[in-house]
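Taken together, the values in this text are just the output of simple stated rules run on the coordinates, not laboratory data. Predicted model, so just to flag it, every value in this text is computed and none were measured. When we count neighbours, we look across all protein chains shown, and the Cβ atoms used for this are built from the backbone with ideal geometry, even at glycine.
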Amino acid sequence: MTAVPSAHALRAAADRMVSALAAHADPEYRLTVLKRLVRRLGEDRYPVFLRLLGVVAESDDTRAQRLLADTIGTALRRMDLPGGALSSWGATRLPDSTAPVSASDFSGQFFGGTPRRMLGPVEYLTVWHLQRTQRTALSAETFHTSLSRMIALLNQSEDARTLYPQKLAVDAQNELEGAYTRATRERLAAIASAWKAGRSPDEIAQAALDARATDTPHGWVLRDL
């Protein structure tokens, strides 16, 4: 079982991440640095990467927030988000040994009979909350808090604020790959619509929960991020 980093360890790691990005002026190289961090953490620890983003989002360092959000904006322009893998909605387990690739790619490979899809931060949180994957699902409260925090961070970049909801709107219309259930597509569409409308991060997260809230599967074990 993967150890959960302490709050102090997360703050120190977030500081190192921001310092590594700030050491390079080239946005493309900053993206390379961020993706390298995700690879080093490993697929099973992608939630740790999400928590690092959350630490920066909760800080008072607007320069760090803009630096990180701009790097994700660069990734969106390249359609190359630093992603984590979750098993497709019809699957139940996924080995932990593969490394992240492009966030928008659907892998045709099978690991123990389980298809997977690489997901960016917002999509990962949404699928983790709603779908049956290799992880136990996030509670609604944790999903709301984590998504709101993530969007507040991404809003520090004009590119991320503009391009991410566009991407989610496209993903919400894609029924062919089998990576998203109908309920997930509805949540992604709700996030995209509220985000494009300029609503607050809290309102966007609430819109995701309000979209067909009654179709969340019952009887699942929920855990916090």
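Would you kindly state how much longer the chain becomes between H8 and R78 on full extension, computed as 0.36 nm times their sequence separation minus their alpha carbon distance, in nm to one decimal? Don't skip to the answer; put the middle values down first.
Details: separation 70, 0.36 × 70 = 25.20 nm, distance 3.32 nm.
Residue separation times 0.36 nm, minus the Cα-Cα distance, leaves 21.9 nm.
Which of the peptides 138-146, 122-130, 196-204 is most tightly packed, and how do the rest follow, judged by the mean count of other Cβ atoms within 10 Å per residue?
Details: 138-146: 18.8, 122-130: 25.8, 196-204: 15.9.
Most protected by this proxy first, the peptides run 122-130, 138-146, 196-204.
Can you tell me how much longer the chain between T162 and D210 gets when fully stretched, taken as 0.36 nm per residue apart minus their C-alpha distance, in nm with one decimal?
Numbers: separation 48, 0.36 × 48 = 17.28 nm, distance 2.27 nm.
Here the answer is 15.0 nm.
Fully extended, how many nm does the chain gain between Y29 and D202 (0.36 nm per residue separation, minus their Cα-Cα distance)?
Numbers: separation 173, 0.36 × 173 = 62.28 nm, distance 3.19 nm.
Contour length minus the Cα-Cα distance gives 59.1 nm.
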